[in-house]
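**Student:** Encoded as structure tokens, here's the structure I'll be asking about.
No lab work stands behind these numbers, since they all come straight from the coordinates. Since the structure is predicted, the reported quantities are computational estimates derived from the model, not experimental observations. No Cβ is skipped: glycine too gets one built from the backbone with ideal geometry, and neighbour counts run over all protein chains shown.
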Amino acid sequence: MTKIIRSPFFYVGDKYKLMAQIERLFPDDINTFIEPFLGGGSVFLNTNANRYIVNDLEANIVDLHKLFYSYKDNKEIFIEELIDIIKDYNLSCSFIGITAPEELKKKYVKTYYAKYNKDGYWKMRDSYNNSNDVKLLYLLLIYGFNHMIRFNNNGKFNLPVGNVDFNNNVYTAINNYMDFISQKNIEYYNMDYRRFISDLEIEKDDFIYFDPPYLLSNSEYNKMWDEEKEEELYNTIDFLVSKGIKFGLSNLLIQKGEENYILSKWMGKYNVYDIKSNYISYYDNSIKKSNKEVYITNVEKTRT
Ligand SMILES: C[S@@+](CC[C@H](N)C(=O)[O-])C[C@H]1O[C@@H](n2cnc3c(N)ncnc32)[C@H](O)[C@@H]1O
């Protein structure tokens, strides 16, 4: 696979930038590609297989994937419907040339999208919080701060407006995702990865790729992950390997000089590859030097 495509969910910690390094370490022929920690889907979107079975514990991200899948043969209609909503809420849409007035652009050189879209975004956020319409959730993700999905304790979406809009990059990402899924057989699930795996019949020509929450990182979805879960995951992988199943796992071995010792102790029995990552922490963009990302697998490298 040559051109790496970007997921339209712009997920925090997505594997988009690392896919070129990781995918070439996957098996050459994959019957079913299994992904228990799907996130935004950057990995399955860039992997060749006969079919895909994917899962995430976070219901909203799975609902978003399913929304796209429900339009897989109608991508033009989907995009038209999104643009109709954008117009209903008077949001900018650089993709079709609706942008902020020049005055605003001059006054707020770097933040004019946020200024222009704030009111419409709030209205859209209220509508979503009253309806749970997944299409609105997708647009909140597009127009929201850092393309994130975040809810308060009462289950209400609470991110502020971002300085972004529906532009050509968003269109291209939607288009690519739709083109990919329209030709593929994909099953999406929403449960804990252990149940997901135990419900599957995994064969020797299948491949299971793990991109779990990172023990050393502080993304929203890492908050529920702890050392016990980390150990449990490695035991699960060892069990799968004992059944002859092929796996790959991405993880952060060192962050800000701190090492994940559970990982370093476990990984030696498999093939370990250094992955050149270039994460810029949302909180501190000076710390990337002391990070080390690895890819671990029981697959022998067949391509260079
Ligand atoms: C590092 S992210 C995956 C990113 C993904 N590879 C991408 O490119 O977008 C980890 C994901 O695991 C999910 N997750 C956390 N705990 C889980 C669990 N127990 N079972 C299944 N998924 C879980 C999170 O919701 C999050 O989407």
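**Student:** Neighbour counts of other C-beta atoms within 10 Å: give me ASP63, ASP226 arranged from fewest to most.
**Tutor:** On the way: ASP63 15, ASP226 12.
The order, fewest Cβ neighbours first, is ASP226, ASP63.
**Student:** Looking at the chain, what % of its DSSP beta bridges pair antiparallel, to the nearest 5?
**Tutor:** 55 percent
**Student:** Long-range amide H contacts for ILE275: which residues qualify at under 5 Å (H placed 1.01 Å from N, peptide plane, sequence gap of 5 or more or a different chain)?
**Tutor:** GLU293, VAL294, TYR295
**Student:** If the elastic network links every pair of Cα atoms under 10 Å, which of SER242, SER94, SER127 fluctuates the most in the Gaussian network model of the chain?
**Tutor:** Greatest mean-square fluctuation among the candidates belongs to SER242.
**Student:** In the stretch 67-173, if the dipole is taken from +1 on Lys/Arg beta carbons and -1 on Asp/Glu beta carbons about the Cα centre, which of ASN130, ALA173, TYR108 is farthest to the positive end?
**Tutor:** TYR108
**Student:** Sticking with this one: Once you charge only the Cβ atoms, +1 for Lys and Arg and -1 for Asp and Glu, what is the size of the charge dipole of the chain about its Cα centre, to the nearest 20 debye? Intermediate values should be presented prior to the final figure.
**Tutor:** On the way: 38 positive and 43 negative charges, 226 e Å.
Computed about the Cα centre, the dipole is about 1080 debye.
**Student:** Oh, and also: Which order do TYR143, TYR52, TYR189 fall in if you start with the one that has the fewest other Cβ atoms within 10 Å? Before the final figure, lay out each step's value.
**Tutor:** On the way: TYR143 29, TYR52 22, TYR189 17.
Ascending Cβ contact count within 10 Å gives the list TYR189, TYR52, TYR143.
**Student:** Please arrange TRP266, TRP225 by how many other C-beta atoms lie within 10 Å of their C-beta, fewest to most. Intermediate values should be presented prior to the final figure.
**Tutor:** Details: TRP266 20, TRP225 16.
Lowest to highest Cβ neighbour count: TRP225, TRP266.
**Student:** With N denoting the number of residues in the chain, provide Rg(C-alpha) divided by 2.2 N^0.38 Å, to two decimal places.
**Tutor:** Values: Rg = 20.2 Å, N = 304, 2.2 N^0.38 = 19.3 Å.
Normalised by 2.2 N^0.38 Å, the Cα Rg of the chain equals 1.04.
**Student:** Over the stretch 25-102, how many percent of alpha carbon pairs lie in each 10 Å bin up to the one with the longest distance?
**Tutor:** Bin by bin from 0 Å, the calculated values are 15, 32, 29, 17, 6, 0.
**Student:** Ranked highest first by the average count of other Cβ atoms within 10 Å around their residues, in what order do 99-109, 65-75, 29-39 fall? Could the numbers behind the result be given before it?
**Tutor:** Values: 99-109: 12.6, 65-75: 16.3, 29-39: 21.1.
With the highest mean Cβ count within 10 Å placed first, the list reads 29-39, 65-75, 99-109.
**Student:** Residues with amide H under 5 Å of PHE210's amide H, sequence separation 5 or more or different chain, H placed in the peptide plane at 1.01 Å from N; which?
**Tutor:** GLY248, LEU249, SER250
**Student:** Could you work out the relative contact order of the chain, using alpha carbon pairs under 8 angstrom and six or more residues apart, expressed as a whole percent?
**Tutor:** RCO, the chain: 22 percent.
**Student:** Compare ASP206, ASP56, ASP179 in a GNM of the chain, Cα atoms joined below 10 Å, and give the one with the largest fluctuation.
**Tutor:** It is ASP179.
**Student:** Give LYS15/LYS229; LYS115/LYS229; LYS3/LYS243; LYS3/LYS75; LYS17/LYS107 a once-over and call out the pairs whose C-alpha atoms are over 32 Å from each other.
**Tutor:** On the way: LYS15/LYS229 21 Å; LYS115/LYS229 42 Å; LYS3/LYS243 34 Å; LYS3/LYS75 21 Å; LYS17/LYS107 34 Å.
Table pairs above 32 Å Cα-Cα are LYS115/LYS229; LYS3/LYS243; LYS17/LYS107.
**Student:** If you wrap the stretch 67-173's Cα atoms in a convex hull and average its projection over all directions, what's the area in nm²? All intermediate terms of the calculation are to be shown ahead of the outcome.
**Tutor:** Numbers: hull surface 27.6 nm².
Directional mean of the projected Cα hull area for the stretch 67-173 stands at 6.9 nm².
**Student:** Normalised by the residues of the stretch 127-169, what does the relative contact order come to in percent, with Cα pairs under 8 Å and at least six apart?
**Tutor:** Numbers: 43 pairs, mean separation 14.7, N = 43.
Computed over the stretch 127-169, the figure is 34 percent.
**Student:** Further question on the same structure: Based on DSSP H runs of at least 4 residues, each adding -39500 (n - 2.57), what is the mean residue ellipticity at 222 nm of the chain after dividing by all its residues, to the nearest 500 deg cm²/dmol? Write down the numbers at each step before the final one.
**Tutor:** Values: 10 runs with 111 residues, N = 304.
Value at 222 nm, helices only: -11000 deg cm²/dmol.
**Student:** Who wins for biggest fluctuation among TYR16, TYR121, TYR273 in a Gaussian network model of the chain, springs between alpha carbons below 10 Å?
**Tutor:** The residue that fluctuates most here is TYR273.
**Student:** What lysines sit close enough to LYS110 to cross-link, taking a C-alpha to C-alpha distance under 16 Å and skipping anything fewer than 8 places away on the same chain?
**Tutor:** Reachable lysines: LYS118.
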